[in-house]
1. Could you state the per residue volume, in Å³, of the convex hull enclosing the Cα atoms of the chain?
2. Provide the per-residue ³J(HN,Hα) series for segment 218-235, in order, calculated from phi with Karplus coefficients 6.51, -1.76, 1.60 and θ = phi - 60°, each as a whole number of Hz, with x at glycine and proline positions.
3. Computed FRET efficiency, Cβ-Cβ of THR267 and ASN48, R0 25 Å: what is it to the nearest 0.05?
4. Once both axes come from the Cα atoms, what is the angle between helix 315-345 and the longest principal axis of the chain, in degrees from 0 to 90, rounded to 10?
5. Angle, helix 11-21 long axis vs. longest principal axis of the chain, Cα atoms, 0 to 90°, nearest 10?
6. About the Cα centre, and with charges only on the beta carbon of Lys, Arg (+1) and Asp, Glu (-1), how big is the dipole of segment 16-88? Nearest 20 debye, please.
7. Counting helices only, and only those DSSP H runs with n ≥ 4, report the 222 nm mean residue ellipticity of the chain as the sum of -39,500 (n - 2.57) divided by its residues, in deg cm²/dmol to the nearest 500.
8. Roughly how big is the chain's charge dipole about its Cα centre, with Cβ charges of +1 (Lys, Arg) and -1 (Asp, Glu), in debye to the nearest 20?
Amino acid sequence: MIDTAVIGGGACGLAVARGLWQRGHPVRVYERAMASHLNGHGFLLLANGLAALRRLGCDPEDSRGHPITSVRMVCCTGEVLVDQPLKGAVAMLRHQLLETLLRGAPDQLVHYNHGFERFVWHRERARAVCFQNGRSHRADAFIAADGVRSSCRLSLGCGAMTTPGRVKEIVAHVRQPLLAAELGHRFLKVLDPAGGLAVGLVPVGDGRLIWFLQFDSQRFAVPQPCELGAFLEELIRPFPAVVRHVLGATDPARAHLWHTVDEAPATRWSKGNVVLAGDAAHPLLPFTSQGVNAALEDAVLLSDLLLGCRDPGELPELFDVYERQRRPALLGCVDAGRQMARDFVQPPARRLQLPLMA
Ligand SMILES: Cc1cc2nc3c(=O)[nH]c(=O)nc-3n(C[C@H](O)[C@H](O)[C@H](O)COP(=O)(O)OP(=O)(O)OC[C@H]3O[C@@H](n4cnc5c(N)ncnc54)[C@H](O)[C@@H]3O)c2cc1C
């Protein structure tokens with residue numbers, strides 16, 4: 001059996017680990033943050049992400065996910081642009097997804113406060129991973145799932161992720177039981193017809209909503225964290241009362257300004273027995289809603305390949321198989337995200353061509 005070390009305890013890292021530990025394979029996860037710092041806000045899990053979760057033995061219905069069955073896009077002025085059913089989508093808070101992936105996990109699976117420092121190499125193979133806290137761990141295989149600003153990716157020389165995305169996103173979640181009940185299972189997106197500004201509201205169950213505000217950073221200067229409240233107040237002025245109410249009820253200190261990254265997938269996804277996964281391999285723009293879904297798909301494929309591996313010498317070839325299978329789909333997601341971002345900042349004449357997803 002291959003002994004695996006996973007670096008990064010986000011959705012991708014925990015999903016790979018789940019695929020392994022529940023089949024009795026040895027795996028440990030090393031996460032930079034303390035457990036209590038891992039919350040985040042939430043996402044829309046789409047059919048591919050939900051299928052991946054089921055493959056990992058998680059039941060999305062049992063994990064407090066909230067089905068989203070329709071999407072409505074309206075203009076700030078109230079004109080309805082799109083109103084259509086959405087099949088197989090579930091909204092979920094990030095911490096609920098992480099808890100779902102950890103359900104039933106062995107004690108000591110995740111080692112928090114373990115920030116990656118470097119790999120120790122010997123003859124083209126990583127023998128151990130060293131952490132900023134002075135500890136190190138030996139393993140046969142290393143999964144680098146340390147997110148969009150991956151230090152592992154840098155250390156492997158697979159390309160830096162430095163190009164900022166033009167469209168930024170502010171995201172938060174709030175408790176608004178009345179409005180959540182009114183939205184029911186509908187994802188509502190409100191757009192500024194001038195382009196470059198939109199707000200999405202997604203009910204996540206239990207009277208809560210995730211909201212996100214997308215803005216063109218060439219049209220609106222990116223605020224400092226301390227300016228977030230005033231920035232939001234200014235931008236949502238032309239929006240309908242429902243949007244102003246939800247965003248106005250949010251403590252700006254709890255909203256997260258997402259500095260998106262607009263980069264192609266890593267030039268190569270593995271080196272020897274170390275492989276990149278999730279955002280570390282392929283950061284995505286927010287529009288396709290594929291960040292978390294693609295990360296879960298990566299995890300399923302990687303854990304399947306590791307389960308079938310009998311000899312650490314096979315790892316480089318297996319990781320090539322993984323990259324060959326996943327790269328084309330991810331290139332498609334990157335292109336789709338870039339096209340949606342272009343349409344967002346400069347809306348096409350026909351509104352119905354606008355991107356549907358957040
Ligand atoms: C705290 C947090 C909150 C987020 N909230 C949202 C959200 O509300 N909505 C949304 O759409 N997306 C959110 N994201 C991004 C989203 O989770 C990812 O885009 C997607 O799930 C892909 O998952 P991933 O596991 O590849 O990356 P991530 O979810 O980013 O996970 C990467 C993990 O690696 C850890 N890590 C980073 N550097 C190191 C290091 N040097 N050593 C060890 N560990 C390291 C991070 O702490 C993190 O836990 C959030 C990410 C984080 C880290």
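Derivation of every value follows stated rules applied to the coordinates shown; laboratory data play no part. It should be emphasised that the depicted structure is a prediction, and the values quoted were computed from it without experimental measurement. Quick reminder, even Gly has a Cβ in these numbers, built from the backbone with ideal geometry, and neighbours come from all protein chains shown.
1. Convex hull volume per residue, Cα atoms: 127 Å³.
2. 8, 8, 10, 5, 5, x, 6, x, 6, 9, 4, x, 5, 4, 5, 4, 5, 5
3. 0.50
4. Approximately 10 degrees, to the nearest ten.
5. 40
6. 420
7. -9000 deg cm²/dmol
8. The dipole magnitude comes to about 200 debye.
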